[in-house]
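What follows is a single structure, written as structure tokens, with notes after it.
The values are calculated or read from the model by the stated rules, or taken from the named source; none is laboratory data. Note that the structure is a prediction, hence the values are computed from the model and not measured. Using ideal geometry, Cβ is built from the backbone for each residue, glycine included, and neighbour counts are taken over all protein chains shown.
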Amino acid sequence: MTTARSQLICPEVTPYYHCVSRCVRRSFLCGQDAATGKSYEHRRAWVEQRMLALASIYCIRICSYAIMSNHYHLVAFVDKEAAATLSDLEVVERWCSEHQTPVIIQRWLANQLKSKAESHTCDHLIETWRHRLYSLSWFMRELNYDIAVQANKEDRCTGRFWEGRFKSQALLDEKALLSAMAYVDLNPIRAKMADCPEQSDHTSIQARLGSLERGETCTPSLANFLGYEHQDKHQGIPFRLMDYIELVDWVGRQIREDKRGFIDNRMPEILDRLSLPQQECLTLCTELEKKPKAWVGSSKGLDKAKTQLGKKRMVGLLIS
């Protein structure tokens, strides 16, 4: 039986989620179709640009992403607290920047409401939009719909473009978050589409490295790295950016057979800080999707989530 999305995505349990959407047709989402010789490479930019544009509107922060040939990955941070602090006007401006503005909201903006009933209707609409602005389901729905419309138009066909609803994994602790982010950023290297992170086109790691080269401390529309002093605060990514880059580089060298002779055996400090064993880190960063459990975390994290959701039993991917 399909589990209700509300039971899979719950910001009160964890704000971090690994999401995957796959193309249903044989023809590629992106890349080169070997059967026909047709290139869909330009579609990578469609997905990346639309994803980041929506992230600037929604209270959904992108921790990492990778656009592959027939699917894409993203690790998202659901910022419910940010949505709660938005003013009513900010909610309306954000939502209506992407959607048609109802007449009654146009009148609300012009201070032309004439009754309490109209005011109540506007308040209800605004609160509905506020909830949608931190809904990962709405974010993914709008992202996938827009790409499907463009792809169908280009392919001159109709019908479903995506393979059902997107898949999601709840990341219950910092170890799960770190593993999922590295797994996503290293997807092109694992697929032999790139030799190193900086050459991995249309990935968050390439975008972050590009920002560093330009002397920028943050990458627009991506979640910020906050450092270890903020581990207990759900405001972004509770690691240091340089530690994360070092880890991605280290794991990338481990999983490339032709790089074995050049491995730096020094384990990244971030693994010591998180008490994440070297082999376990490698396993999680390379095989996360082979065991597609909806919940990923330590036994403590899984027990806590089970209690919060009122479940008697929860099967997840256990991290020691």
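Within region 119-129, identify whether any single residue is exposed (fewer than 14 other Cβ atoms within 10 Å of the Cβ), closer than 30 Å to LEU172 by Cβ and not assigned by TED's automatic domain parsing to the domain that holds ARG190, and answer yes or no.
In the first step, residues of region 119-129 are kept if they are exposed (fewer than 14 other Cβ atoms within 10 Å of the Cβ); the result is 119-120, 123-124, 127-128.
Of the ones still in play, those that are also closer than 30 Å to LEU172 by Cβ are 127-128.
Checking which are not assigned by TED's automatic domain parsing to the domain that holds ARG190 leaves us with 127-128.
Yes; the residues of region 119-129 include at least one that is exposed (fewer than 14 other Cβ atoms within 10 Å of the Cβ), closer than 30 Å to LEU172 by Cβ and not assigned by TED's automatic domain parsing to the domain that holds ARG190.
Go through (1) under 30 Å from LEU309 (Cα atoms); (2) aliphatic (A, V, I, L, M); (3) in contact with a strand residue (DSSP E or B) (Cβ under 6 Å, 6 or more places away or on another chain); (4) modelled with pLDDT under 95 for VAL47 and report which single condition fails.
(1)
Just one of the numbered conditions (1) within 18 Å of LEU74 (Cα to Cα); (2) free of Cβ contacts under 8 Å to residues at least 12 places away in the same chain is not true of ARG165; which one?
Failed condition: (2).
Considering (1) over 12 Å from the mean Cα position of the chain (by Cα); (2) of a type in the set (Ser, Thr, Tyr); (3) closer than 17 Å to ARG22 by Cα, say which one SER168 fails and leave the rest.
SER168 satisfies all of (1) over 12 Å from the mean Cα position of the chain (by Cα); (2) of a type in the set (Ser, Thr, Tyr); (3) closer than 17 Å to ARG22 by Cα except (1).
When you look at HIS71, is it crowded, with 23+ Cβ neighbours inside 10 Å and at pLDDT 80 or above, yes or no? Let's see the steps before the verdict.
Working: crowded, with 23+ Cβ neighbours inside 10 Å: no; at pLDDT 80 or above: yes.
Answer is no for this residue.
Out of curiosity, is ILE105 in a helix (DSSP H, G or I), more than 27 Å from CYS23 (Cβ to Cβ) and in contact with a helix residue (DSSP H, G or I) (Cβ under 8 Å, 6 or more places away or on another chain)?
Details: in a helix (DSSP H, G or I): yes; more than 27 Å from CYS23 (Cβ to Cβ): yes; in contact with a helix residue (DSSP H, G or I) (Cβ under 8 Å, 6 or more places away or on another chain): yes.
Yes; evaluated as a whole, the condition is true for this residue.
Sort through SER64, SER69 and tell me the only one that's closer than 21 Å to ARG190 by Cα, over 12 Å from the mean Cα position of the chain (by Cα) and not in a helix (DSSP H, G or I).
Of the residues listed, the single one that is closer than 21 Å to ARG190 by Cα, over 12 Å from the mean Cα position of the chain (by Cα) and not in a helix (DSSP H, G or I) is SER69.
Check off (1) surrounded by fewer than 24 Cβ atoms within 10 Å (Cβ to Cβ); (2) under 13 Å from the mean Cα position of the chain (by Cα); (3) more than 30 Å from LEU276 (Cα to Cα); (4) not basic (Lys, Arg) for GLU142 and give me the number that stays unchecked.
In the conditions (1) surrounded by fewer than 24 Cβ atoms within 10 Å (Cβ to Cβ); (2) under 13 Å from the mean Cα position of the chain (by Cα); (3) more than 30 Å from LEU276 (Cα to Cα); (4) not basic (Lys, Arg), GLU142 misses (2) alone.
How do the pairs read when you match residues in region 35-55 that are closer than 11 Å to GLN150 by Cβ with residues anywhere that are surrounded by 14 or more Cβ atoms within 10 Å (Cβ to Cβ) and among the β-branched types (Val, Ile, Thr), using Cβ under 7 Å and keeping only pairs 6 or more apart or on different chains?
TRP46/ILE147; VAL47/ILE67; VAL47/ILE147; ARG50/ILE147
Residue by residue through region 239-278, note down the ones that are in a loop (DSSP other than H, G, I, E, B), closer than 19 Å to PRO188 by Cβ and modelled with pLDDT of 65 or more. I'd like the intermediate steps shown before the answer.
The first filter runs over region 239-278 and keeps only residues in a loop (DSSP other than H, G, I, E, B), leaving 239-240, 255-256, 263-268, 274-277.
This time we only want the ones that are closer than 19 Å to PRO188 by Cβ, so: 255-256.
Scanning region 239-278 gives a single hit, ILE255.
Hey, could you check region 145-158 for residues that are of a type outside the set (D, E, K, R) and in contact (Cβ under 8 Å) with a residue 12 or more places away in the chain and say which is surrounded by the fewest Cβ atoms within 10 Å (Cβ to Cβ)?
GLN150
Please go through region 96-152 and pick out each residue that is of a type in the set (A, V, I, L, M) and under 17 Å from ILE60 (Cα atoms).
LEU133, LEU136, MET140, LEU143
Among the residues of region 124-136, are any over 26 Å from SER39 (Cα atoms), out of contact with any strand residue (DSSP E or B) (no Cβ under 9 Å at 6 or more places or on another chain) and small (Gly, Ala, Ser)?
Checking region 124-136: not a single residue is over 26 Å from SER39 (Cα atoms), out of contact with any strand residue (DSSP E or B) (no Cβ under 9 Å at 6 or more places or on another chain) and small (Gly, Ala, Ser).
The rows are residues; the columns are (1) part of a helix (DSSP H, G or I); (2) among the basic types (Lys, Arg); (3) at pLDDT 95 or above; (4) under 27 Å from CYS285 (Cβ atoms).
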| position | (1), (2), (3), (4) |
| --- | --- |
| THR2 | no, no, no, no |
| CYS10 | no, no, no, yes |
| THR14 | no, no, no, yes |
| PHE28 | no, no, no, yes |
| LYS114 | no, yes, no, no |
